[in-house]
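What follows draws every value from the coordinates through simple rules; no lab data is involved. Just so you know, these numbers come straight off a predicted model, no measurement behind them. Cβ atoms come from the backbone with ideal geometry, glycine included; neighbour counts cover every protein chain shown.
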Amino acid sequence: MINFNVPPFTGKEFDYMREAVENEKICGDGPFTKKCSEWIEKRTGTAKCLLTTSCTHATELAALLAEIKEGDEVILPSYTFVSTADAFVLRGATAVFVDIRPDTMNIDETLIEDAVTERTKAIVPVHYAGVGCEMDAIMDIAKRHGLMVVEDAAQGIMASYKGRPLGTIGDFGCFSFHETKNFSMGEGGALLMRDEKYIEKAEIYREKGTDRSKYYRGQVDKYRWQDYGSSYLPSDMNAAYLYAQLEMADEITQTRMNRWNEYWELLTPLASEGRIELPYIPEECEHNAHMFYIKTKDVEERGRLIDFLKKKEILSVFHYIPLHSAPAGIRYGRFHGEDRYTTKESERILRLPLFYKLTADQTEYIADQVKAFYRQ
Ligand SMILES: *Cc1c(COP(=O)(O)O)cnc(C)c1O
């Protein structure tokens, strides 16, 4: 059976986790946490990176720093994972969904401005599949209306838009290191801040509302309760697992990219015949091979293809159920404008297995089976 996902593992993880244990520092903000955040800062050029317990928590931190309050509105796509909305709804905001572009499945930047009201506080673009949203247009709207931009870059590490790393363009960027992402620590994430002025507040919110981060650096002689907050820092054992992969980030990305390109080449004939659609990568975007998907004719054909592949021992999956159609989405949000593509395109998408350990032979076998389905 070819699983849909296998968590990334390079071989060094056990050594580093053992080292974390032997350091006798397994709580948060130990040596490996520091190594990981410094690596991310160096690679992305962000002013500050804080490792978190998840991308969901990184987004919650961003919502706190953006001072999202009851009655505020936040603009985001409906075609996304729940966390994108959760973090803001938790602060009492209304999720205002706008339609996606069918080519990249990202928020349609041309529809955002029409959804802005005097209650709007932030725009939350999601870089689906590690393919950047049209950030120039989005940043321009944000600037003209005085809005914050929080990038859901959960899938976007190592990818860029016009040469700028995803997660570093908006006020805040959020990465995920869940086991399904390109690099993992089991559960984990990171908050990236463009402006240094947020660092102190972010550290306090992340450390239960205390200035413990300053205390650890020897900047204060005791730490005290300064503000509200929560516990958003991961164990150093998890950071140790992640660091093994960050060290091999280029190799992991290249390996994924090879598989992605193989899928692309092998499935192009089917796409040329108009049987399926393949992902679209805009010229200004460099992606990170986070995901390989195809689009079937409709939901019925997708169901038959999933069953066909399962019989061939291949697990393929789809997502997301558009948030605006889900119970909480109806309660906490509204769709602005027409749903031309969100529902329709979400019913056509099928994700094929793509993970670090996937082999070229497996990729070829999977592509062959997709072709067999359409040729039967
Ligand atoms: C994975 C993912 C998240 C959530 O990440 P966690 O680390 O599991 O909290 C949020 N948004 C998107 C788009 C994702 O793909």
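Couple of notes before you dig in:
- Restricting attention to region 187-217 and to residues that are farther than 13 Å from ALA62 by Cβ and within 16 Å of the ligand (Cβ to nearest atom), the residue that is surrounded by the most Cβ atoms within 10 Å (Cβ to Cβ) turns out to be GLY188.
- Test: residue in region 46-53 that is crowded, with 17+ Cβ neighbours inside 10 Å and more than 16 Å from the ligand (Cβ to nearest atom): yes
- In region 139-158, the residues that are more than 11 Å from the chain's Cα centre (by Cα) and within 16 Å of the ligand (Cβ to nearest atom): VAL149, VAL150, MET158
- Residue list for region 106-137, filter: farther than 26 Å from ARG256 by Cβ and within 16 Å of the ligand (Cβ to nearest atom): ALA122, ILE123
- When the residues of region 297-331 are filtered to those that are of a type in the set (Val, Ile, Thr) and within 13 Å of ILE366 (Cα to Cα), the one that is surrounded by the fewest Cβ atoms within 10 Å (Cβ to Cβ) is ILE306.
- ASP171 meets the conditions (1) away from the ligand (no atom under 13 Å from the Cβ); (2) among the charged types (D, E, K, R); (3) in contact with a helix residue (DSSP H, G or I) (Cβ under 7 Å, 6 or more places away or on another chain) in every case but one. The failed one is (3).
- Residues that are crowded, with 23+ Cβ neighbours inside 10 Å and of a type in the set (Val, Ile, Thr), drawn from region 97-119: VAL98, ILE100, ILE107, ILE112
- Residue in region 66-89 that is in contact (Cβ under 8 Å) with a residue 60 or more places away in the chain and away from the ligand (no atom under 16 Å from the Cβ) present: yes
- Qualifying residue in region 243-256 (condition: crowded, with 20+ Cβ neighbours inside 10 Å and part of a loop (DSSP other than H, G, I, E, B)): no
- Identity of the residue in region 166-186, over 24 Å from ILE68 (Cα atoms) and over 13 Å from the mean Cα position of the chain (by Cα), that ends up surrounded by the fewest Cβ atoms within 10 Å (Cβ to Cβ): GLY186
- Residues being surrounded by fewer than 17 Cβ atoms within 10 Å (Cβ to Cβ) and within 21 Å of the chain's Cα centre (by Cα) are represented in region 270-279 by at least one member.
- In region 67-95, residue nearest to GLY146 (Cα to Cα) [restricted to those that are more than 19 Å from the chain's Cα centre (by Cα) and buried (at least 24 other Cβ atoms within 10 Å of the Cβ)]: ILE68
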